[in-house]
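Visitor: Mind looking over this structure? Questions follow.
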Amino acid sequence: MTHIYDTIIIGSGVSGMTAGIVLAGEGEDVLILEQHKIPGGLMQTYKRKSALFPTGVHRLGALKEGQSLWYYFKYLDVLDRLDLVEMDKDAYEYFIFPDKIYKIPNGHNAYKKRLKEYFPNESSAIDRYVSDLKNVIASVHLYDPSITPLKDNSLKYIGSLDHYLHSLGVSEELKNVLTANNPLYGIASDDCPLLTHFLVTESYLNSSFRVNEALTPLSKAFSDSFIARSGELRVNLKVVSIIIENRESKGVVLESGEKIFSNRVIFTGHPSFLLDICSPDLFRPVYRKKLKNCKNTTGMFGLALTWKQDSCPVTNNDAFIYNSRDTNIPYKQQDLLDGNPPVLVFLSALPGKNEEGTICVTALIGLSDHENDFFLKYRNESKNDIYKKAKTTISHSIFECLAQTWPEIKTDAKIINAYTPATFERYTLTPKGSAYGIKKTSKNFTQNMFHPATKIKNLFLAGQSVAFSGIHGSLVSSISLCAGILGEDYLMNKIKTGSQCTRIF
């Protein structure tokens, strides 16, 4: 007799694992399929020369007891599986500009106080900014399980971040400090929806943690929780099509030809890939056009370093190094392939010391569409001399940029690895190595959102491209989907009361 799963989930990133844990915990027979040989998506880590590095940025916000992500991680039984290292509460971020360094502390009151110390003549604007931030967050449905908005008014706040700051009358100097964290969502402030900025800022402002990946990998914490609920995880299996009968999903077909049947399919990859695994004529022309034409955020170039622990400047905080006072300039830079220095470098480290007394540090820069396309052009020719020369050129530029701020890097750090958007695409299966999926600007925010339920019965979407980016956004997209399946009041009550998922046999 053919086995039929309750749910098949395509993709094992945060969104896929979250949906899997929730539904398996409710007694469903759930199968997660991962195309890559390693599960986890952007939660993955990788090793080079015995040093461990994260894929992307593995910093978690709002994880102290009673904070928004704490509720979700506790409910998913992920929190107690992680060794978390709290970042410096007095300066979890450094914004390093050519003429001044700004230290950003945790806590709304501490943040206000610090900003007023830096900008004593802009006290009222700072008060208004922090007040608005808290009010907007309180209006976002499901973002914080402890808050039940009377009405989700979040879409009122998708106007431009720049326009909002201009309405407050802030100076250019203060504006650049308030927007200096924009690499965490990949959109310049003149394009960025206020809502996106507030969601990211609020999360880390509450509290900021790193995961000790050497002891407790983030991806393993999620997969262990899923498997503990009798969920089934299979890797190295590519789904080539979704079985649709009478406009209802019935399962999937693997590259090997194997058919696996289910009552529900949840797709957590980039929405545009639906056109590759479903017959396009199943969707209306306007929906096909939306899937095909959505513009993505660009990819990143990463430099993996080992740095002597005693001299490393980011052992307990992250740093944003700007070579301009204008935080929007990095999104206009298109000359990195010529050896010009990057206008912005984001620097972060993993907890834990290597045997030789060094720690693993990642330096990231955003690329222009032109540079992104250059590396993708040679995605299958990584040994190509042109490709290798470009990697070396940009790696050297990043290293020299860091040396301008920390000269000791010349003797205390060394480059272990470099990766491009083509690397991201190959290992995480993100289209063109996009760092944050579909680009949702203040002008196209609602148009580029996707409803979890498609027009195909029992075919659903989840992931950062569906709603908000990052770990928090990806997780909430799956919680929203599961709330629609199980009942929102029922699920949110379990999350708020700390009733962990337990499978019913």
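Visitor: Being touching a strand residue (DSSP E or B) at 6+ places or on another chain (Cβ under 6 Å) and assigned to a loop (DSSP other than H, G, I, E, B) is the filter here; which residues of the stretch 177-194 pass it?
Guide: Correct list: ALA180 only.
Visitor: Please enumerate the residues belonging to the stretch 451-488 that are assigned to a loop (DSSP other than H, G, I, E, B) and either in contact (Cβ under 8 Å) with a residue 24 or more places away in the chain or among the polar types (S, T, N, Q) (or both). Working first, answer last.
Guide: Looking only at the stretch 451-488, we keep the residues that are assigned to a loop (DSSP other than H, G, I, E, B), and these are 451-452, 454-456, 458, 462-469, 487.
Scanning the stretch 451-488 gives PRO452, THR454, LYS455, ILE456, ASN458, ALA462, GLY463, GLN464, SER465, VAL466, PHE468, SER469.
Visitor: Keeping to the stretch 17-32, report how many residues are surrounded by fewer than 24 Cβ atoms within 10 Å (Cβ to Cβ) and touching a residue at least 24 places away in the same chain (Cβ under 8 Å).
Guide: The initial filter retains those residues of the stretch 17-32 that are surrounded by fewer than 24 Cβ atoms within 10 Å (Cβ to Cβ), namely 26-29, 31.
Those left that are additionally touching a residue at least 24 places away in the same chain (Cβ under 8 Å): 26-27, 29, 31.
The number of residues fulfilling the criteria is 4.
Visitor: Another one. Being touching a helix residue (DSSP H, G or I) at 6+ places or on another chain (Cβ under 7 Å) and either among the small types (Gly, Ala, Ser) or not in a loop (DSSP other than H, G, I, E, B) (or both) is the filter; apply it to the stretch 161-176 and report the residue that is surrounded by the fewest Cβ atoms within 10 Å (Cβ to Cβ). Outline the logic, then answer.
Guide: To start, the set of residues in the stretch 161-176 that are touching a helix residue (DSSP H, G or I) at 6+ places or on another chain (Cβ under 7 Å) comprises 161, 164-165, 168-171, 174-175.
In the following step, the residues that additionally are either among the small types (Gly, Ala, Ser) or not in a loop (DSSP other than H, G, I, E, B) (or both) were identified as 161, 164-165, 168-169, 171, 174-175.
Numbers: LEU161: 25, TYR164: 21, LEU165: 22, LEU168: 17, GLY169: 11, SER171: 13, LEU174: 20, LYS175: 21.
Within the stretch 161-176, the match that is surrounded by the fewest Cβ atoms within 10 Å (Cβ to Cβ) is GLY169.
Visitor: Something else: Only residues in the stretch 180-196 that are farther than 19 Å from GLY433 by Cα and assigned by TED's automatic domain parsing to the domain that holds SER167 count as the first member; pair them with residues that are polar (S, T, N, Q) and assigned to a helix (DSSP H, G or I), Cβ under 9 angstrom, at least 6 apart or cross-chain, and list the lot.
Guide: ASN181/THR201; SER189/ASN176; SER189/ASN182; CYS192/ASN182; LEU195/SER154
Visitor: If you go through the stretch 87-102 one residue at a time, how many are surrounded by fewer than 15 Cβ atoms within 10 Å (Cβ to Cβ) and either charged (D, E, K, R) or under 30 Å from ILE227 (Cβ atoms) (or both)?
Guide: Selection size over the stretch 87-102: 4.
Visitor: Select from the stretch 73-99 the residues that are touching a residue at least 24 places away in the same chain (Cβ under 8 Å) and in contact with a Leu (Cβ under 6 Å, 6 or more places away or on another chain) and list them in ascending order.
Guide: ASP83, the sole residue that qualifies.
Visitor: Hey, among THR298, THR362, which residue is buried (at least 20 other Cβ atoms within 10 Å of the Cβ), under 19 Å from the mean Cα position of the chain (by Cα), β-branched (Val, Ile, Thr) and closer than 18 Å to TRP406 by Cα?
Guide: Being buried (at least 20 other Cβ atoms within 10 Å of the Cβ), under 19 Å from the mean Cα position of the chain (by Cα), β-branched (Val, Ile, Thr) and closer than 18 Å to TRP406 by Cα holds for just one of THR298, THR362, which is THR362.
Table: residues versus (1) surrounded by fewer than 24 Cβ atoms within 10 Å (Cβ to Cβ); (2) not acidic (Asp, Glu).
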position	(1), (2)
TYR5	yes, yes
GLY13	no, yes
GLU34	no, no
GLN44	yes, yes
ARG48	yes, yes
GLY66	yes, yes
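Visitor: From the set of residues in the stretch 401-430 that are among the charged types (D, E, K, R) and under 23 Å from GLY357 (Cα atoms), which is surrounded by the fewest Cβ atoms within 10 Å (Cβ to Cβ)?
Guide: For the stretch 401-430, the residue satisfying everything is LYS410.
Visitor: Considering every residue within the stretch 482-503, establish whether at least one is in contact with a strand residue (DSSP E or B) (Cβ under 6 Å, 6 or more places away or on another chain) and within 24 Å of LEU218 (Cβ to Cβ).
Guide: no
Visitor: State which residue is surrounded by the fewest Cβ atoms within 10 Å (Cβ to Cβ) when the search covers only the stretch 365-386 and only residues that are of a type outside the set (Asp, Glu), out of contact with any Ser or Thr (no Cβ under 7 Å at 6 or more places or on another chain) and assigned to a loop (DSSP other than H, G, I, E, B). Steps first, answer last, please.
Guide: Going residue by residue through the stretch 365-386, those that are of a type outside the set (Asp, Glu) are 365-368, 370, 372, 374-380, 382-384, 386.
Still in the running and out of contact with any Ser or Thr (no Cβ under 7 Å at 6 or more places or on another chain): 365, 370, 374, 376-380, 382-384, 386.
Subsequent filtering for residues that are assigned to a loop (DSSP other than H, G, I, E, B) retains 378-380, 382-384.
Details: TYR378: 18, ARG379: 16, ASN380: 9, SER382: 14, LYS383: 7, ASN384: 12.
Going through the qualifying residues, I end up with LYS383.
Visitor: Sticking with this one: How about the stretch 322-344: which of its residues are touching a helix residue (DSSP H, G or I) at 6+ places or on another chain (Cβ under 6 Å) and under 17 Å from SER189 (Cα atoms)?
Guide: Result: ARG325, THR327, VAL343, LEU344.
The values are calculated or read from the model by the stated rules, or taken from the named source; none is laboratory data. Note that this is a predicted model, so its numbers are computed, not measured. Note that we place each Cβ from the backbone using ideal geometry, even for glycine, and neighbour counts take in every protein chain shown.
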